[in-house]
Amino acid sequence: MRLEYTFVGVDSPVAPLIVFLHEGLGSLRLWRDFPNQLCAATRCRGLVYSRPGYGQSTPYPANQCWGSDFMHRQAYEVLPALLTKLGFDGSRDRIYLFGHSDGASIAMLYASRYADLVNGMIVVAPHVMVEAVTVNSIKRLKETYDTGEIKVKFAAHHIDADATFDGWSQVWLDQVFRNWSIESELNKIQSPLLIVQGTKDEYGTVDQVNRIIQNLPNSEYVEIPGCGHAPHRTHPDALLSYSTLFIQTIATRRPIPPGDRM
């Protein structure tokens, strides 16, 4: 299986590493320049990759059922294997995780299984359970996709756009998936955590944040007013500022200013 990946930022094997985990319909390219910007601001090295079935990585066969554990498999199997293949060792290297949406869920699952290997973690628009607003937005997106209006743009970023979209959307719209939750895994996370949520996120609400904080009360939380589901595209300056501050001050545990918290 081929994984599309690239390194950005500081070209040094001893620099801290930020691993970027994209959203449910994302890819390496869809991060745009944000990983470069964050790594430059924090003097870190960045690993950006497309998960199997996404981007230019090996696509899944058409009509393949991804299964309700697809994010668990990415966290417990694919990411550890990739880090090992590239020679990274969390017991030696300083590794940060930056996850968006599904990627945020994968980051938290990884950190719950390999707690001592994660130096810090930023989760943007995370999912820890399934909300009605998420399902309804995906239903609307599927209707739009099926009309062909966004297929061309989507195809520019994935080898098999239909297989990617269908595999992902079928899981999220499956009635069985309504019971999906990773809340029971959260209290195993030991690393500092920053949660970022937009107030206008069409795929999730602050309930996701509250459930994380209930399990991890020392988490930092910032909200971005007027921001939807993808702040790295619509509000990159705010996201960059919060993320940079978090990574730069993680050693001293200096919290984000109270005025920026919810």
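Once region 154-169 is narrowed to residues that are outside any helix (DSSP H, G or I) and either out of contact with any Ser or Thr (no Cβ under 6 Å at 6 or more places or on another chain) or among the aromatic types (F, W, Y) (or both), the residue that is surrounded by the fewest Cβ atoms within 10 Å (Cβ to Cβ) is A156. Of the residues that sit in region 45-73 and are under 22 Å from W172 (Cα atoms) and among the charged types (D, E, K, R), which one is surrounded by the fewest Cβ atoms within 10 Å (Cβ to Cβ)? Among them, the one singled out is D69. Scanning region 151-171 for residues that are closer than 14 Å to P52 by Cβ and aromatic (F, W, Y) yields a single hit, W168. Quick one: in region 98-119, of everything that is under 8 Å from the mean Cα position of the chain (by Cα) and part of a helix (DSSP H, G or I), which residue is nearest to Q197 (Cα to Cα)? Ranking the qualifying residues of region 98-119, first place goes to A104. Annotation for region 244-259: no member residue is surrounded by fewer than 18 Cβ atoms within 10 Å (Cβ to Cβ), farther than 27 Å from A15 by Cβ and modelled with pLDDT of 95 or more. Please find, within region 103-119, the residue that is surrounded by the most Cβ atoms within 10 Å (Cβ to Cβ) out of those that are of a type in the set (S, T, N, Q) and out of contact with any Phe, Trp or Tyr (no Cβ under 6 Å at 6 or more places or on another chain). Top of the filtered list is S105. Among the residues in region 116-138, are any in contact with a helix residue (DSSP H, G or I) (Cβ under 7 Å, 6 or more places away or on another chain), among the small types (G, A, S) and farther than 20 Å from Y49 by Cβ? Checked against the condition, which is being in contact with a helix residue (DSSP H, G or I) (Cβ under 7 Å, 6 or more places away or on another chain), among the small types (G, A, S) and farther than 20 Å from Y49 by Cβ, region 116-138 yields no hits at all.
Kindly provide the set of residues from region 20-44 that are surrounded by fewer than 23 Cβ atoms within 10 Å (Cβ to Cβ), without any contact (Cβ under 8 Å) to a residue 40 or more places away in the chain and not in a loop (DSSP other than H, G, I, E, B), ordered by number. The answer is N36, A40.
One line per residue, one yes/no per condition, for (1) modelled with pLDDT of 95 or more; (2) more than 21 Å from P13 (Cβ to Cβ); (3) surrounded by 22 or more Cβ atoms within 10 Å (Cβ to Cβ); (4) hydrophobic (A, V, I, L, M, F, W, C):
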site: R94; (1), (2), (3), (4): no, no, no, no
site: G99; (1), (2), (3), (4): yes, yes, yes, no
site: M121; (1), (2), (3), (4): yes, yes, yes, yes
site: P126; (1), (2), (3), (4): yes, yes, yes, no
site: V135; (1), (2), (3), (4): yes, yes, no, yes
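In region 199-232, how many are aromatic (F, W, Y) and either in a loop (DSSP other than H, G, I, E, B) or over 17 Å from the mean Cα position of the chain (by Cα) (or both)? Qualifying residue count for the region: 1. Conditions first: (1) surrounded by 13 or more Cβ atoms within 10 Å (Cβ to Cβ); (2) modelled with pLDDT of 95 or more; (3) hydrophobic (A, V, I, L, M, F, W, C); (4) farther than 20 Å from Y110 by Cα. I189 passes all but one, so which condition is the exception? I189 satisfies every listed condition except (4).
Quick check on S12: is it polar (S, T, N, Q), modelled with pLDDT under 95 and either over 16 Å from the mean Cα position of the chain (by Cα) or in a strand (DSSP E or B) (or both)? For S12, the condition - polar (S, T, N, Q), modelled with pLDDT under 95 and either over 16 Å from the mean Cα position of the chain (by Cα) or in a strand (DSSP E or B) (or both) - is met. Filtering region 126-148 to residues that are touching a residue at least 40 places away in the same chain (Cβ under 8 Å) and either part of a helix (DSSP H, G or I) or under 12 Å from L21 (Cβ atoms) (or both) leaves P126, V133, T134, V135, S137, I138. Residue under question is L82, and the condition is that it be part of a helix (DSSP H, G or I), of a type in the set (A, V, I, L, M) and farther than 22 Å from L194 by Cα; does it hold? Yes.
The values are calculated or read from the model by the stated rules, or taken from the named source; none is laboratory data. Note that the structure is predicted; figures quoted are calculated from it, not measured. Cβ atoms come from the backbone with ideal geometry, glycine included; neighbour counts cover every protein chain shown.
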